[in-house]
Ligand SMILES: [Zn+2]
């Protein structure tokens, strides 16, 4: 069966992504490059990208002209910081002018999943799409996974009956089996199918929830998985306990977005290596600013993706041997405001509340915080707490918010309801 799927996969790839094989071969070579080689290559690609955006995108030319920046002036990484940062709103509202004026042969329509507000759509050229897939497949290769091997998939709940059948057929073609819902029958079938799977991928919260249910219902545990890959969402430390028990693997992180491409992929040593060949990453006030070095149809230059990150020091070298710089942690989403009675706080505060709860008291919790009105918070917790745990949590909440918020704890809550669409959010504001 694997032979057939390999043939189907390769044929599909040659038809849809003719440049993928070349990118993959390149990325497997550059995997062994020194830090210096990587930085030199990345710098050349960055200058090329900046020049391209200037010449072919009305939006960037206008924006940079207003800021008094010309590509010819960019000589050092410090100069790069003079280029104004671009936001998602700008890419949405000036969509036509951001697109390149050049003709592209094959291109794909990409729509990003907007959890809050509007979603961004754009045309992605074949070269960029293929490079991105190649970067993901390189990540797979670190775990001995071939992309055509049988895999489990967690996206796209809430299907109608006919759509489910159609999806099953398409999934069969790419050799994957999808979990449609958390209903017992669906779960049991999924767990049985996964006995033959080699890797799993999906939203981290969905992977975690499935692992927990497999343990709770004592369903068969997949034994032959080489990789469990979580995308698009933050991976909390306690996820790993559940997935190690249910799937025999921790959740590995693939970090990126459709508009930026793959930014980083976690190696077997547990470090998120930046795809230096395809992105240029800067950190400004804790926020990630990313430039896509490959996509030309829709240039993305100095883009504020909306995540807080922490980079490993430049002299850090990973035991896996790759010298690609490392993102130590994606700490949270930028931008959602928490309202106290008088003050305002970034939603990143919740990350610290629960991180400190773990660090100072050894308590790991799954949570979601909801703000129904200013000055009031609802902490929804997945399990029941002991009196001591409740007290520890109160200490950590009050350490950060003082007495500026009233709050209640709701224990034993279902955080990941069945049939949900889109991503899990750890903070939901109902204010405004
Ligand atoms: Zn590594």
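Could you tell me whether residue 313 is modelled with pLDDT of 95 or more, closer than 24 Å to residue 426 by Cβ and either within 16 Å of the ligand (Cβ to nearest atom) or in a strand (DSSP E or B) (or both)? Spelling it out, it is not the case that residue 313 is modelled with pLDDT of 95 or more, closer than 24 Å to residue 426 by Cβ and either within 16 Å of the ligand (Cβ to nearest atom) or in a strand (DSSP E or B) (or both). Within this structure, residue 308 fails the test of being more than 23 Å from residue 251 (Cβ to Cβ), away from the ligand (no atom under 16 Å from the Cβ) and either touching a helix residue (DSSP H, G or I) at 6+ places or on another chain (Cβ under 9 Å) or assigned to a loop (DSSP other than H, G, I, E, B) (or both). Scan the stretch 368-394 for residues that are closer than 16 Å to residue 412 by Cβ and either assigned to a helix (DSSP H, G or I) or not assigned by TED's automatic domain parsing to the domain that holds residue 350 (or both) and the total you get is 4. Against the list (1) in contact with a helix residue (DSSP H, G or I) (Cβ under 7 Å, 6 or more places away or on another chain); (2) in contact (Cβ under 8 Å) with a residue 40 or more places away in the chain; (3) more than 23 Å from residue 149 (Cβ to Cβ), the condition residue 238 fails is (1). Of the residues making up the stretch 335-343, not a single one is within 16 Å of the ligand (Cβ to nearest atom) and buried (at least 22 other Cβ atoms within 10 Å of the Cβ). Name the residues in the stretch 262-297 that are in a strand (DSSP E or B) and either within 13 Å of the ligand (Cβ to nearest atom) or in contact with a helix residue (DSSP H, G or I) (Cβ under 9 Å, 6 or more places away or on another chain) (or both), would you? Hits for the stretch 262-297 are 262, 264, 265, 266, 272, 273, 274, 279, 280, 282, 291, 292. Look through the stretch 344-372, keep the residues that are exposed (fewer than 15 other Cβ atoms within 10 Å of the Cβ) and in contact with a strand residue (DSSP E or B) (Cβ under 8 Å, 6 or more places away or on another chain), and return whichever of them is modelled with the highest pLDDT. The residue in question is 372.
Assess whether residue 300 counts as being away from the ligand (no atom under 16 Å from the Cβ), free of Cβ contacts under 8 Å to residues at least 60 places away in the same chain and surrounded by 22 or more Cβ atoms within 10 Å (Cβ to Cβ). In short, no. Within the stretch 323-334, restricting attention to residues that are assigned to a loop (DSSP other than H, G, I, E, B) and within 16 Å of the ligand (Cβ to nearest atom), the residue that is nearest to residue 378 (Cα to Cα) is 325.
The values are calculated or read from the model by the stated rules, or taken from the named source; none is laboratory data. Quantities reported herein were computed from a predicted structural model and do not represent experimental measurements. Cβ: placed from backbone, ideal geometry, glycine included. Neighbour counts: every protein chain shown.
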